[in-house]
1. Does the range 33-81 come out rounded, prolate or oblate, given a ≥ b ≥ c as the square roots of the eigenvalues of its C-alpha gyration tensor, rounded meaning a/c under 1.5 and, failing that, prolate meaning a/b above b/c?
2. At a 10 Å Cβ-Cβ cut-off, how would you order 60, 146, 22, 52, fewest neighbours first?
3. So what's the back-of-envelope 222 nm ellipticity for the chain, counting only DSSP H runs of four-plus at -39500 (n - 2.57) apiece and dividing by all residues, rounded to 500?
4. Order these by the 10 Å Cβ neighbour count, fewest first: 102, 84, 57.
5. Tell me, how many Å apart are the Cα centres for the range 73-117 and for the range 122-159?
6. For residue 116 and residue 65, FRET efficiency with R0 = 41 Å and r from the beta-carbon atoms, rounded to 0.05?
7. When only Cα pairs under 8 Å and 6 or more residues apart are kept, what is the percent relative contact order across the range 7-157?
8. Taking the highest mean first, how do the peptides 42-50, 74-82 order by number of other beta carbon atoms within 10 angstrom per residue?
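Any read-out appearing in this document is the output of simple, stated calculations on the displayed coordinates, not a laboratory observation. Worth saying up front: this structure is predicted, and the values here are computed from it rather than measured. Glycine also receives a Cβ, built like all others from the backbone with ideal geometry; neighbour counts cover every protein chain displayed.
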Ligand SMILES: [Fe+2]
Ligand SMILES: [Fe+2]
């Protein structure tokens, strides 16, 4: 028999995912420079931090929808740090000339300087721009962030933001 999820069950999952993202964000705020990402714009009126939180949210929800298990802690931390390049990419003076291709490497460099990362978190950060970058993601979590990043870039441009900070 086909089971349909009730509206309250869907709300519970959304709340659970948002809480998990806030928990991980708070931990990252305590030791690194993630607060700076709240001051840089990403797409539309969405900050880099909000974009990263959106990517975490969409990645988690897609795994839930598909019924595929994933490591949420690594998925969320990797998502929150995937654009940890720490400059305003809209400003020609501060932006790297090859930003689109280069920023995953820089984000990983910055994140490794400020945090202790797992292999999977490194994979998520380094390969999220595939196929623009040559090497593809290795883990299912990194593949999902790679997909969610593109979905969020499009929806944020049209004003949709799932996680506000
Ligand atoms: Fe990116
Ligand atoms: Fe991104």
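1. Here the range 33-81 falls in the oblate category.
2. 22, 146, 60, 52
3. -19500 deg cm²/dmol
4. 102, 57, 84
5. About 13 Å separates the Cα centre of the range 73-117 from the one of the range 122-159.
6. Once rounded, the FRET efficiency stands at 0.85.
7. Working: 204 pairs, mean separation 35.9, N = 151.
Dividing the mean separation by the residue count of the range 7-157 yields 24 percent.
8. 74-82, 42-50
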